[in-house]
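Read the structure below first, then the notes.
The values are calculated or read from the model by the stated rules, or taken from the named source; none is laboratory data. What you are looking at is a predicted structure, and each value in this text was computed from that prediction instead of being measured. Note that we place each Cβ from the backbone using ideal geometry, even for glycine, and neighbour counts take in every protein chain shown. Heavy atoms of the whole protein, side chains included, go into the accessibility calculation; ligands, DNA and RNA do not. Shrake-Rupley method; radii C 1.70, N 1.55, O 1.52, S 1.80 Å.
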Amino acid sequence: MNEISILPQGAIVQNDLEVEETFIQPTKTYKVDFIKGRVVGFCDGVEALKQAICLILNTERYEHLIYSDYYGSELKFLISNERNIAESEYKRRIREALIQDDRIESVDNFTFKYDKDGVLIEFMVFSIYGEFDMERGITSV
């Protein structure tokens, strides 16, 4: 007799106590060449995560109906604010955008480099694959 289980996949019942196992999902995805605007193969692991970070930070939240309200970032209009306020908001919004990805544990060590056209934000990502540096440039609109 086949029984249909209502327990989530990956759950094990031991002595009437449900124990959920943690599985790391595969991250293999298409590799995007952002300069040429083409797909150029596949990537996995930390390279796939770095690409996901670029996509999240380059997608303005709430502008595209195809994405949920949790995907993307809100960095577009902060460049015109006072520097101290803008830097605090950049940190908060980048953390908020990236922490939605389960592979990212935290984001920290922000530095800001200004020029006449905008700001370059450098930061460190702490992930399940280790830590690595990322950057995001923002130009005035």
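Do we find a residue being modelled with pLDDT under 95, open to solvent by 20 Å² or more (accessible area, probe 1.4 Å), in a loop (DSSP other than H, G, I, E, B) and not aromatic (F, W, Y) anywhere in region 88-98?
Checking region 88-98: not a single residue is modelled with pLDDT under 95, open to solvent by 20 Å² or more (accessible area, probe 1.4 Å), in a loop (DSSP other than H, G, I, E, B) and not aromatic (F, W, Y).
Go through region 29-45 and report how many residues are loosely packed, with under 11 Cβ neighbours inside 10 Å and not in a strand (DSSP E or B).
4
Looking only at region 65-87, which residues are modelled with pLDDT under 90 and open to solvent by 90 Å² or more (accessible area, probe 1.4 Å)?
The answer is L65, Y67, D69, Y70, F77, S80, E82, R83, N84, I85.
So in region 115-129, with the set limited to residues that are assigned to a strand (DSSP E or B) and open to solvent by 30 Å² or more (accessible area, probe 1.4 Å), which one is farthest from A48 (Cα to Cα)? Break it down into steps so the answer makes sense when it comes.
Going residue by residue through region 115-129, those that are assigned to a strand (DSSP E or B) are 118-127.
Restricting the remaining residues to those that are open to solvent by 30 Å² or more (accessible area, probe 1.4 Å) gives 120, 122, 124, 126.
Working: L120: 22, E122: 19, M124: 16, F126: 15 Å.
Within region 115-129, the match that is farthest from A48 (Cα to Cα) is L120.
Count, please, the residues in region 46-64 that happen to be closer than 18 Å to E131 by Cα and open to solvent by 50 Å² or more (accessible area, probe 1.4 Å).
3
When only residues in region 66-81 that are charged (D, E, K, R) and closer than 22 Å to E135 by Cβ count, which is farthest from the chain's Cα centre (by Cα)?
Here is the first cut: in region 66-81, the residues charged (D, E, K, R) are 69, 74, 76.
Then drop every residue that is not closer than 22 Å to E135 by Cβ, which leaves 74, 76.
Numbers: E74: 13, K76: 17 Å.
By that ranking, first place goes to K76.
Taking K116 and the conditions (1) more than 26 Å from D69 (Cβ to Cβ); (2) in contact (Cβ under 8 Å) with a residue 12 or more places away in the chain; (3) of a type outside the set (D, E), which numbered condition does it fall short on, given that it satisfies the others?
If we test K116 against (1) more than 26 Å from D69 (Cβ to Cβ); (2) in contact (Cβ under 8 Å) with a residue 12 or more places away in the chain; (3) of a type outside the set (D, E), just (2) comes out false.
Given the conditions (1) assigned to a loop (DSSP other than H, G, I, E, B); (2) more than 20 Å from F126 (Cα to Cα); (3) modelled with pLDDT under 85, report the number of the one that I24 does not fulfil.
(2)
What pairs come up if the first residue lies in region 28-40 and is without any contact (Cβ under 8 Å) to a residue 40 or more places away in the chain, the second is part of a loop (DSSP other than H, G, I, E, B), and their beta carbons are under 6 Å apart, counting only those six or more places apart or on different chains?
K28/D44
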